[in-house]
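Have a look at the structure below before the remarks.
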Amino acid sequence: MSRKFDETVHFKINAEKDNYIKDVLENVYESLTEKGYNPVNQLVGYIISGDPAYITSYNDARNQIKKIDRNELVEELLTKYMEK
């Protein structure tokens, strides 16, 4: 199936994956905070660059976040932001 470049692509992450992403983000946020980093700045740096060095390895935060596609992270964050 070929797709035209002017079509909008729709996708949805299932609820189970939503919960997993939420749990990982909470762990990463807490881990960064506990280590004295600004978690928002570090997460933004990671999402923009893809460099996992922005995320501490403390509490396995780096390994957990690397298992999630960065596009899914952005979608989850934007969805939750727009719900509020």
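Annotated for the stretch 15-83: lysine pairs at least 8 residues apart or interchain, Cα distance under 19 Å, count 7. Taking Cα atoms only, the orientation of helix 15-34 departs from the longest principal axis of the chain by about 30 degrees.
Expressed as an acute angle from 0 to 90° and rounded to the nearest 10, what is the orientation of the C-alpha long axis of helix 70-83 relative to the principal long axis of the chain? Taking the Cα atoms of the chain, the angle to 70-83 is about 90 degrees. Between helix 39-49 and the chain there is an angle of about 50 degrees, using the helix long axis and the longest principal axis of the Cα atoms. Potential lengthening of the chain between residue 72 and residue 18 amounts to 18.5 nm, from the contour at 0.36 nm per residue minus the alpha-carbon distance. By the helix-only formula, in which each DSSP H run with n ≥ 4 contributes -39500 (n - 2.57) and the sum is divided by residues, the chain has a 222 nm mean residue ellipticity of -19000 deg cm²/dmol.
Readers should treat all values here as calculations from the given coordinates under stated rules, not as data from a laboratory. Please read these numbers as outputs of a predicted model, since none were measured by experiment.
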